[in-house]
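A short worksheet on the structure shown next.
Taken together, the values in this text are just the output of simple stated rules run on the coordinates, not laboratory data. Since the model is a prediction, treat every value here as computed from it, not as a measurement.
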Amino acid sequence: MNFQSSVIWPPPFLPRITNNFLSNERIAKYITCTQIWSLLANISTWESNNSQFLHKDEVSKFSTFGCRPLACTTQESEAPKSNGRAGRLSWCTKTPDGLEVYHAWLFKDLESQRVRVLTRESQIRAVFKELEAQTPNSMLLGHQDWLDGLITAARVDRRISEKLSNEVADV
């Protein structure tokens, strides 16, 4: 039996104990978790950052969804392995005004040339409770856009790589 990997939550961020919890997932065909990892862990391509890669226990400053840049500590940074181990990437932040966020990603190759990409975020403070009550939920939709964008970018990268390989083979 093949068990799905799950997020390892620090106790204060357990889902539904916090003020807001978001979960988005996609299963996509013809891309790999290694492709997703390379797009997500390499933050030099993100719009707002001050680092290259997210490494465990390092602090990076970046912005998502048009919010102010936050100093985030990488909690997990494990590249996917060829033995089937899922890739993991997570970070957390606590702002001077008390906002706390834990954001986690999982990516795992599945049979039949598919990949599972999961992102979950848990947020603490009253402002996040207000965000959760919004309809439509802008955070949920923003995370879905991010997830969909990663999959689209991985597909474009795959097509470019295949085209270059074919051109080299023709030489």
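Arg16 to Thr95: extension gain in nm, 0.36 nm per residue of separation minus the Cα-Cα distance?
Full extension of this stretch gives 26.3 nm more.
Please give the contour-minus-distance gain from Thr152 to Ser6: 0.36 nm per residue of separation, less the Cα-Cα distance, rounded to one decimal in nm.
Gain on extension, Thr152 to Ser6, equals 50.2 nm.
With N set to the residue count of region 81-160, report its C-alpha Rg divided by 2.2 N^0.38 Å to two decimal places.
1.35
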